[in-house]
1. Taking the mean number of other Cβ atoms within 10 Å as a proxy for protection, how do you rank A:95-102, A:112-119, A:705-712 from highest to lowest?
2. Which of the peptides A:668-677, A:617-626, A:17-26 is most tightly packed, and how do the rest follow, going by the mean number of other Cβ atoms within 10 Å of each residue?
3. Find out how many positive minus negative residues lie around B:E116, taking Lys and Arg as positive, Asp and Glu as negative, among other residues whose Cβ is under 12 Å from that of B:E116.
4. What lysines could a cross-link reach from A:K435, if we take a straight Cα to Cα line under 21 Å and drop same-chain neighbours fewer than 8 places away?
5. Show the residues, 5+ positions off or on another chain, whose built amide H is closer than 5 Å to the amide H of A:A77.
6. Within 10 Å of each Cβ of A:716-725, how many other protein chain Cβ atoms are there on average?
7. So what is the relative contact order for segment A:489-631, in percent, with contacts set as C-alpha pairs under 8 Å and at least six apart?
8. Counting pairwise Cα distances across segment B:129-175, what percent come out greater than 12 angstrom?
Amino acid sequence: MSNAYTPRVPRKYIGGYRPRIDGFDKASGKVKFADDLTTKLTFPDMLYARVLKSPYPHARIKHMDITDVEKLEGVRAVLTYEDPEVKKLKVTNAGWTDGVDILSYDRMMWYPMRDRRVIGDYARWVGDEIGLVVAAESESIAEEALKLVKIEWEILPFVLDPVEAMKPEAPSVHPELRKTNVLPEDPVGGPDVFVEKGDVEKGFSEADVVVESTAVHHNPNQGSLDNWCCLMEWKGDTLTVWSNSYEAHQTRMHISQMLDLPLSKVRVICSFVGGQFGRNDTGEQPFFLYTALLAKRTGRPVKFRHNNRESFLNSRQPAIYTAKAGAKKDGAITAMTFKSIGDAGAYADHTMFALKFGPAEIAEVALAHVPNLKLEAYGVYTNKLPACMMRGVANSQFNLSFGQIVDVLAEKLDMDPIDLSIKNFGHEEEALPNKSLVEVLHEGARRIGWENRHKPGEGPVYEHVRKRGMGFSFHPGWHAEWQEVRRGRIQVSLMLNPDGTVMLEAPTVETGSGSNTCNLLGCLEALSFLAVRPEDVHYSPVVDTETSLRDCVQTDSSVSYLQSEAMMVAAADLKRKICELAAPKLGAKPEELDIEEGNIFVKASPDTHMEVKTWLMEETDLAPIVATVHRVPLDLNTGIPFIATFAEVEVDTDTGEVDVLKLVVLHDCGTVMHASGAEAQQLGGQVMGLGEALYEEIIYDEARGVPMNFNWIDYKIATMADFPEVEPVLMEVWKGGGEYGACGIGESTLTCTPRAVLNAIYNAINVRVDELPVKPEKILQALGKI
Amino acid sequence: MVAKKDTAPDMGKPVEDAMSGVIRLRVNHVWHEFSLGRDIQPTETLAYVLRERLGFTGLKVSCDEGACGACTVIMDGKAILSCMTLAVEADGHEILTIEGLAEDDPVVVAFAEQSEPGYGTAMQCGYCTPGFVMTAKALLDANPNPTLDEVKEALSGNICRCGCYTAIAQAVLNASQKISTQGGTHE
């Protein structure tokens with residue numbers, strides 16, 4: 001298998017196929033994750049915290065007796081909802097920010113939806129943290145202690161189905177806030193109809209063809225292997241936090257604001273994270289707070305770590321989408337509407353990000369040429385685990401509907417859906433057809449063998465029962481430089497030591513996305529005038545808020561280029577400083593000098609030159625030269641590139657099993673920063689993409705409201721044996737602002753997969769299955785066999 | 001707890017040791033003795049003892065119930081799940097953790113260097129990687145020239161949520177090729 005892409009601009013480091021910089025440390029087990037840094041050997045006096053989880057989907061504690069809990073040998077502290085330090089904690093939300101910016105309590109993104117108490121007396125889902133936390137000498141003692149609490153419960157009626165929950169007679173999940181379960185309109189997400197352009201009714205009346213479709217996305221879990229943890233240690237009035245949070249400075253802000261500590265008194269240390277995938281919104285989770293309070297009470301370090309089952313703490317947000325589209329006979333779309341009902345679960349968190357904030361952006365970058373457009377959304381509380389942030393938030397749900405209505409409309413028009421897409425979709429700043437979309441779709445068609453696609457149900461049949469089909473789905477990519485302006489200043493620093501080695505500071509918590517490799521490559525590329533080699537650069541993987549610049553959070557799939565763009569500016573500044581320092585020695589003005597291949601020279605007389613590091617070592621004060629840059633991403637509306645997935649499947653119409661024969665995953669990246677890493681994302685994203693399409697699902701006992709499969713034996717994650725042939729295709733068609741003009745791809749690698757597979761299934765069997773995941777029974781039901 | 005390099009008693013453990021509650025684990029060629037009840041508890045898993053008592057943090061405890069393979073180590077030449085093995089069950093046995101592999105172990109090197117076009121890298125976050133490396137090492141020790149299907153079969157008990165399966169399989173095949181040209185794996 002070899003399909004190496006050809007870079008648009010050949011560069012020495014950026015864009016190549018090469019190993020990850022942390023490849024050896026990870027392959028040899030040397031990388032230390034937070035759980036590895038906080039063992040009993042390192043903190044011999046540490047205690048373990050455990051929290052009570054509600055066994056009921058909706059209940060209130062009427063009375064709690066902790067006498068036996070406190071008596072158990074080995075228990076060192078018990079903290080309950082009645083303790084003053086717990087009671088005074090402000091009502092919060094687990095998604096203060098989307099990770100792009102740092103936000104305080106008052107400025108949190110979804111401030112109208114503060115609905116979480118830290119250890120309250122009221123449970124809203126099975127698994128809700130409630131009542132008490134304990135710190136004990138071992139995890140098993142802490143577990144045992146929780147079993148000794150005596151609680152008198154008031155068990156309340158519950159609701160699991162979001163459509164049921166919208167009805168006025170449904171039990172209210174948050175009676176303290178509002179009687180209805182429908183989330184309020186808010187200033188950030190906008191009104192219920194959050195995008196309205198033109199007149200959709202007029203648009204539909206002008207159409208020759210009008211179609212409708214329904215798509216139901218469900219609740220896959222992020223499934224990070226590195227269970228979330230923290231260790232809290234107080235020294236005097238300063239709190240040190242070790243955690244596998246992916247955002248060090250926001251974690252510091254959260255703890256500082258909730259515990260009323262100055263920022264300077266909270267030190268957060270994060271290094272590697274064993275997979276983030278958007279888990280648990282952005283991390284303003286109560287466990288940081290009660291673990292810190294337990295450590296304060298006991299005067300000892302306290303560790304909290306979710307176990308695997310507790311790591312089912314949040315999921316992608318289930319959403320029921322209905323779409324409608326009208327078009328002229330020639331395929332010109334006259335109107336589109338999308339309406340969604342999103343299941344928020346027990347807490348709102350980032351629900352409106354998934355339902356409104358994300359789709360509004362998609363409308364801007366992909367639906368800009370649809371003349372009449374209406375997007376409408378409703379978020380609904382239910383007594384289930386909270387939902388929302390997961391790799392590709394909003395986009396995955398929207399694409400399931402978008403790719404479906406395109407397929408349905410194309411069939412009705414008897415038109416190739418590729419042609420229909422190219423005719424109608426693109427960014428507001430660009431005329432149609434969109435060059436990126438054209439090239440991505442035509443390349444995908446070529447690689448999957450689209451010309452061999454048949455009409456639905458008329459494809460090849462093997463052994464009378466196995467039917468083959470093809471499908472695709474496409475989506476706008478995210479995020480380009482202009483979409484990251486809200487991030488504010490990207491901070492990087494380059495320090496040139498007198499021996500020619502470099503200290504790179506480009507803080508980001510490496511979650512696996514490969515941003516650390518991109519940063520090293522970006523540094524080498526930026527400093528190519530100094531002939532810096534990879535082994536000359538020191539780059540720490542640790543973000544420590546006591547010493548680090550602000551960390552660039554690995555969200556929006558954009559860190560791979562954001563810090564490298566800033567490094568280009570820093571490198572120019574470093575070059576200017578070197579020239580200023582060397583000017584007297586070379587008898588010229590700084591602007592008359594240049595540096596190439598590690599040599600500084602007078603531009604007008606290149607024979608007057610010297611090697612930079614030799615001169616620094618032998619003739620200067622030996623002080624390092626430092627360039628620190630604070631760069632805001634460029635606000636140039638360059639549009640966005642497109643991405644697509646093409647799928648070929650075989651459906652066994654006897655058993656209902658779907659065999660994915662091949663996926664082609666295409667990304668127009670603008671500039672490929674690290675080709676091996678980018679392809680790893682394109683390939684790897686299919687574990688989640690196929691999981692969402694076919695296998696992964698949280699199942700509830702609906703009579704009791706209890707989730708049944710919070711474990712990886714009953715919740716199915718694809719292994720190597722399940723993984724199909726996947727062809728990754730990197731492209732450079734579009735270009736954004738800045739030196740590289742790149743666009744993120746990490747999240748979007750799985751966005752189109754479920755819809756591509758579902759369209760291929762339809763193409764194979766001529767019957768649509770509208771609801772994820774497509775397990776065999778749903779195929780058989782659709783075929784009328786069960 | 002006492003660590004002794006290659007000076008431990010015979011593998012055939014005297015009965016009175018079991019009675020007196022001494023547990024001996026030979027980890028990466030070094031014997032470690034534990035007093036049962038004082039140093040370690042009978043309920044503690046091998047994974048817990050290796051990580052929390054001995055500091056071998058290369059193996060990871062993720063699911064802690066045998067579903068993900070992140071805790072894989074090699075015991076007496078076979079890949080085992082250390083979260084599903086009690087420390088007392090490993091008494092007297094030879095255990096190899098990832099820390100016991102040589103710097104130039106061909107499996108480690110193959111995983112680290114995997115980057116050729118079309119396959120991606122053999123890890124992203126790297127949390128599952130030590131488990132995959134140890135499973136692959138046990139496979140190649142037993143079957144130095146596996147087919148792709150045999151690799152998939154052997155490694156399908158490990159979960160990589162980042163999804164680097166294509167590259168991992170290729171890394172194992174690359175390691176196999178290197179072993180067959182260089183002869184033998186290292187510890």
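1. On the way: A:95-102: 22.8, A:112-119: 21.2, A:705-712: 18.2.
Order by mean packing, descending: A:95-102, A:112-119, A:705-712.
2. On the way: A:668-677: 26.7, A:617-626: 12.6, A:17-26: 21.9.
Descending mean neighbour count gives A:668-677, A:17-26, A:617-626.
3. Details: positive: A:R18; negative: A:E679, B:E113.
Summing Lys/Arg as +1 and Asp/Glu as -1 gives -1.
4. A:K423, A:K735
5. Under 5 Å from the amide H of A:A77 lie the amide H atoms of A:A135, each far enough along the sequence or on another chain.
6. Values: counts 0, 6, 6, 10, 18, 7, 3, 9, 2, 1.
Shielding by partners across A:716-725 averages 6.
7. Value for segment A:489-631: 36 percent.
8. Details: 606 of 1081 pairs.
The proportion of pairs with Cα distances above 12 Å equals 56 percent.
Each reported figure results from applying straightforward, stated rules to the coordinates on display, with no laboratory input. This is a predicted model, so every value here is computed, not measured. Ideal geometry is used to build each Cβ from the backbone, glycine not excepted, and the neighbour counts take in all protein chains shown.
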